[in-house]
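Quick notes on the structure that follows.
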Amino acid sequence: MITIAHPQFREELFEKAKKLGYIGPERNLGEAARAVYPVQLESTINIDGEKVTIRPAKPVDERRIQEHYYSLPKEDVLSRFFCQKTIFGRPEMESRSNVDYINDLTLVAVVGEFGFSKVVAVAESMKLKDINMTEVAFSVSKEYQGKGLGKIFLKKLAAAARANGVSGLMAYTFPSNKAMISLFKTLPYKVKTRYEDGDLILSCKFNELA
């Protein structure tokens, strides 16, 4: 609404949105005006007869994302966060649901009826401004792993990054995480690997085709 409003009303709408919690307190008006919900990233697929909606996260998803992380097995928490996290507090969840869709973007896979839906997978990206790359990370509930969600997420994040002028993607993972390595190599770009403090860093540039 801020984006399409007449310029003379944008500041007032921006301040009201901040008071209502729709926009984080650290945002400025310029960022908010650009943070248009990317409806083109929405899609629906069928997994084993169940409808799965993939879309950008919204502020109302905060609790659903939190419940998703708490439902993950310990090994998946370690793979995603590189430590055995046991608490996923509200401030951390707010950073994943209150995004600007440009410098940071979270995608969720949602199942269930409206009002009773749950998040079964989360894909996050964060723009690293100093190198103009986007770092990506994924988590998928056990029962939805191997169903193609990661590939769909990665393709959407790559498209969003390219549209916002980012030069490529990168991801930190364990060298033993063969699923993540294989996922990255589904992209039509040359994938580079390097090690840092025992972690594997995957990266690709959009102007370097495989």
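Side notes on the structure shown:
- Between Ile45 and Lys192, residue separation times 0.36 nm minus the direct Cα-Cα distance comes to 49.9 nm.
- Put simply, the Cα atoms of the chain extend 53, 40, 33 Å along their principal axes, the longest span coming first.
- Added length on full extension, which subtracts the Cα-Cα distance from 0.36 nm per residue, Met126 to Asp100: 8.3 nm
- Rounded to the nearest 20 debye, dipole of segment 98-210 from Cβ charges on Lys, Arg, Asp, Glu: 500
- Accessible area per residue in Å² at 1.4 Å probe, computed on the chain: 56
- Square roots of 5 times each gyration tensor eigenvalue, C-alpha, segment 28-117, largest first, Å: 23, 20, 12
- Accessible area of segment 96-138 belonging to carbon and sulfur atoms, whole % at 1.4 Å probe: 57
- Pairs beyond 23 Å (Cα-Cα), from Lys58/Lys190; Lys51/Lys85; Lys151/Lys178; Lys58/Lys185: Lys58/Lys190; Lys51/Lys85; Lys58/Lys185
- Folded to 0 to 90 degrees: helix 149-163 orientation relative to the chain principal axis, Cα: 50
- With a simple spin-label model that places each label point 7 Å from the Cα along the Cα-to-Cβ direction, the separation between Ala210 and Glu12 comes to 5.3 nm.
- Rounded to whole Å, sorted largest first: equivalent-ellipsoid semi-axes of segment 90-210, Cα gyration tensor: 24, 18, 14
- Given their separation in residues at 0.36 nm each and the Cα-Cα distance between them, Ser117 and Phe174 gain 17.4 nm when the chain is fully extended.
- Estimated FRET transfer efficiency when R0 is 25 angstrom, pair Phe82-Ser167 (beta carbons, to 0.05): 0.50
The values are calculated or read from the model by the stated rules, or taken from the named source; none is laboratory data. From a predicted model like this one, the values you see are computed outputs, not experimental measurements. Because the Cβ atoms are built from the backbone with ideal geometry, glycine has one as well, and the counts that use them run over all protein chains shown. We work out accessible area using only protein heavy atoms, side chains counted, and drop any ligands, DNA or RNA first. Shrake-Rupley method; radii C 1.70, N 1.55, O 1.52, S 1.80 Å.
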